[in-house]
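*Asks:* The structure that follows is given in the form of structure tokens.
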Amino acid sequence: METTMPEPDWHVLGEPGDGQLGTEHQGALDPLLLPTREALLARRTHRIPRWKRLLQPGSSGPAAWIRMEADAQAERLGRRTPGTEHVLLALLAVHEVARHEPQSVEEGGAGELLAGLGLDYARAHAALESGEVTLPADPRAVEAYLVDAAGQGSDQLVRALLEEDTRARRLVEALRG
């Protein structure tokens, strides 16, 4: 039996930067988010293996940054290759860092969409780390989702990840119960 995820009411979530969601400073930043914060504030750069730099010369912009952060999230969880669940973690991480550093970090609408679905970085990371969620193979490579959403914004990337039966979608479904 195929499970379907209810369609979120995208209009209820507000627009990024409209002051309705996620712009207030809330408590201390989770220590798991410190590497992301340091990279976003340009205090540290993402370590990119030489072979990846050779395969993707000249990549830049948001898609490249999301890919680098997804690589870092996968590495922290002991995986060599990121899946769509790591892209989801990267988007959540940026959103939560942006809530704590609103003057310094700008994010797209993806974090607001995910927060509107009741997701947060700590719960998603814990679920992946514990292995409590069974995740099938992604139907397409992470790069395919990033290419499809290029120039459209991170909110479109989230929609693409949740429309197909991806590891990201399965994680969202498990966390929403």
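Read-outs throughout are calculated quantities, based only on the coordinates presented, and are distinct from any laboratory measurement. Keep in mind it's a predicted model, so treat the numbers as computed, not measured. With ideal geometry, Cβ positions are generated from the backbone for all residues, glycine too; neighbour counts draw on all protein chains shown.
*Asks:* Compare the peptides 123-131, 80-88 by average per-residue count of other Cβ atoms within 10 angstrom and give them in order, highest first. Can you show the working numbers first?
*Replies:* On the way: 123-131: 15.3, 80-88: 23.3.
Output ranking for 123-131, 80-88: 80-88, 123-131.
*Asks:* Output the peptides 134-140, 151-157 sorted from most to least packed, where packing is the average of other Cβ atoms within 10 Å over each peptide's residues.
*Replies:* Working: 134-140: 13.3, 151-157: 18.1.
Going by the mean number of other Cβ atoms within 10 Å, highest first, we get 151-157, 134-140.
*Asks:* Can I ask one more? Determine, for each peptide in 109-115, 66-72, 159-165, the mean count of other beta carbons within 10 angstrom over its residues, then list the peptides with the highest first. Write out the running numbers ahead of the final one.
*Replies:* On the way: 109-115: 24.4, 66-72: 22.3, 159-165: 17.4.
Going from most to least packed, we get 109-115, 66-72, 159-165.
*Asks:* Right, next: For a test of the definition: using alpha carbon positions, the gyration tensor, and the 1.5 limit on a/c, classify the range 70-177 as rounded, prolate or oblate. If you can, show how the numbers build up before the last one.
*Replies:* Values: a/c = 1.44, a/b = 1.18, b/c = 1.22.
It is rounded, given that a/c, with a ≥ b ≥ c, falls under 1.5.
*Asks:* Sticking with this structure for a sec: For the pair residue 81/residue 65, report the inter-label distance in nm, with labels modelled 7 Å from Cα in the Cβ direction.
*Replies:* 2.7 nm
*Asks:* I would also like to ask the following. Under the 0.36 nm per residue contour assumption, what length would be gained going from the current alpha-carbon distance of residue 129 and residue 174 to full extension?
*Replies:* Numbers: separation 45, 0.36 × 45 = 16.20 nm, distance 1.39 nm.
The span from residue 129 to residue 174 would gain 14.8 nm if fully extended.
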